[in-house]
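Trainee: Once you've had a glance at the structure underneath, I'll fire off some questions.
The values are calculated or read from the model by the stated rules, or taken from the named source; none is laboratory data. Values in this document were obtained by computation on a predicted structure and should not be read as measured data. We place every Cβ from the backbone using ideal geometry, glycine too, and count neighbours over all the protein chains shown.
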Amino acid sequence: MGPYRIALCITDLEVGGAELALVELAKRLDRTRFSLAVYCLGPRPQRPEGSCAAKLESAGIPVNCLGARRWSDAVWATRQLAGLLAAQKPQLLQSFLFHANLVGRVAARLAGVPRVVAGIRVAERQAMWHLWVDRLTGRWVDRYACVSQAVAEFSISRARVPRDRVVVIPNGIDANAYPALQPADLTEFGIPVGSKVVTFVGRLERQKGVDWLLKTAGLWLHAVADCHLLIVGQGPLLPRLVAQARQAGMAERVHFAGWRPDVPEILAASHLFVLPSRWEGMPNVLLQAMASRLPVVATAVEGVREVLGEGAAAQMVPFGDAGAFARRTAALLADRELAASLGRANRQRAESMFSMEAMVSGYQRLWESLIRSPAGPEREKSARDLGA
């Protein structure tokens, strides 16, 4: 019979949590059981070196970037993807992120792909029209793979996803890659040797809450004289955040590193990791920080408590409570014993509860069970409605 044919579809392949999870999943699949191709709705990454597209292609995995840049491109992107799927003839399409979930499921129906799994990675309060379109096309989805129980419950209550179509497959981490053996030299960012370094890593967009983090930073940077904040990542808010730090008089204590390929090394050189997100799902970068034996200060949003486990109470604060965030940050910087204890517990939890092997196995079992089972009557009817 040969390996099962799988199509993976994602919105773009710039470096990010969902994109890196796709790369690890694709690279670690059992090639004796699965063959695959990757489809990206967006253009090929502007920075090809180190991009997720390059990582996939270097592993021998074919990547097709469609070049869509905005919602107005959705119709032709759907048609183009449907044509590519018709040529590949996959037995299942697995999509990641909102735009790919919508375009992917319609293209799969047009191409006659028998099974569709939509990946839900964040508990985002979507616009009403997003919810309407998602619900309208939801009957064409066999399963919704959520990265945490919190995201699953949010999807059931907010997006009205049928509970019997929801599965939870947590993100995984290769703990052996952390902490890096050689910490980064942070003096290149203007951070003096011997400083205490608080690090954020992530895309600089509203979801991640870095604007709010900078509002709290004035409180704890002044409380800890030798402390510096290092912000690693790119995104649309970068110019505004740089200006915000400058206007607050923190330019010498807040450092913007931009996109970096050496995140494990930067985490190894840090003393504390912060995650000020407004909403989340199961942040991969939090797993990276935990595997690096770092203590954490994070906002109490969906998925974060599940990741931190028993250590959540000592490492979470409500979003919007700047005083609590500042106090927790200053306390962990001052108490080395507590910080080290939390770091050890974080490492043990990341290693034991969120292995890459468990994540890959979860997807493989799900795909095999769907491919082997016949489509239900509602699924068959929805395919006929689209003319598949």
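Trainee: Among (1) in the same structural domain as Asp321 (by TED's automatic domain parsing); (2) more than 27 Å from Arg349 (Cβ to Cβ); (3) part of a helix (DSSP H, G or I); (4) not hydroxyl-bearing (Ser, Thr, Tyr), there is one condition Val193 misses while meeting the rest; what is its number?
Mentor: (3)
Trainee: If the requirement is being touching a Cys at 6+ places or on another chain (Cβ under 8 Å), in the same structural domain as Ile10 (by TED's automatic domain parsing) and within 14 Å of Trp140 (Cβ to Cβ), which of these qualifies: Leu93, Leu85, Leu102?
Mentor: Leu93
Trainee: Among the candidates Leu287, Leu267, Leu275, single out the residue that is under 16 Å from His228 (Cβ atoms), assigned by TED's automatic domain parsing to the domain that holds Thr216 and in contact (Cβ under 8 Å) with a residue 24 or more places away in the chain.
Mentor: Leu267
Trainee: Ok, one more. For region 224-274, which positions are within 16 Å of Lys208 (Cβ to Cβ) and either assigned to a helix (DSSP H, G or I) or in contact with a Pro (Cβ under 6 Å, 6 or more places away or on another chain) (or both)?
Mentor: Leu238, Pro239, Arg240, Leu241, Val242, Gln244, Ala245, Val263
Trainee: Can you name every residue in region 89-101 that is of a type outside the set (Lys, Arg), surrounded by fewer than 22 Cβ atoms within 10 Å (Cβ to Cβ) and at pLDDT 95 or above?
Mentor: Gln91
Trainee: Pick from Ala300, Ala245, Ala251: which is within 17 Å of Ala326 (Cα to Cα) and without any contact (Cβ under 8 Å) to a residue 24 or more places away in the chain?
Mentor: Ala300
Trainee: Further question: Looking only at region 142-190, count how many residues are outside the structural domain of Gly309 (by TED's automatic domain parsing), of a type in the set (Asp, Glu) and without any contact (Cβ under 8 Å) to a residue 24 or more places away in the chain.
Mentor: Within region 142-190, residues that are outside the structural domain of Gly309 (by TED's automatic domain parsing), of a type in the set (Asp, Glu) and without any contact (Cβ under 8 Å) to a residue 24 or more places away in the chain number 2.
Trainee: Quick one: which residue in Gly17, Gly104 is touching a strand residue (DSSP E or B) at 6+ places or on another chain (Cβ under 6 Å) and buried (at least 20 other Cβ atoms within 10 Å of the Cβ)?
Mentor: Checking each option against the conditions leaves just Gly104.
Trainee: Within region 88-118, can you find the residues that are among the aromatic types (Phe, Trp, Tyr) and closer than 15 Å to Trp71 by Cα?
Mentor: Within region 88-118, Phe98 is the sole residue that qualifies.
Trainee: Considering (1) assigned by TED's automatic domain parsing to the domain that holds Ile371; (2) over 20 Å from the mean Cα position of the chain (by Cα), say which one Val122 fails and leave the rest.
Mentor: Every condition holds for Val122 apart from (2).
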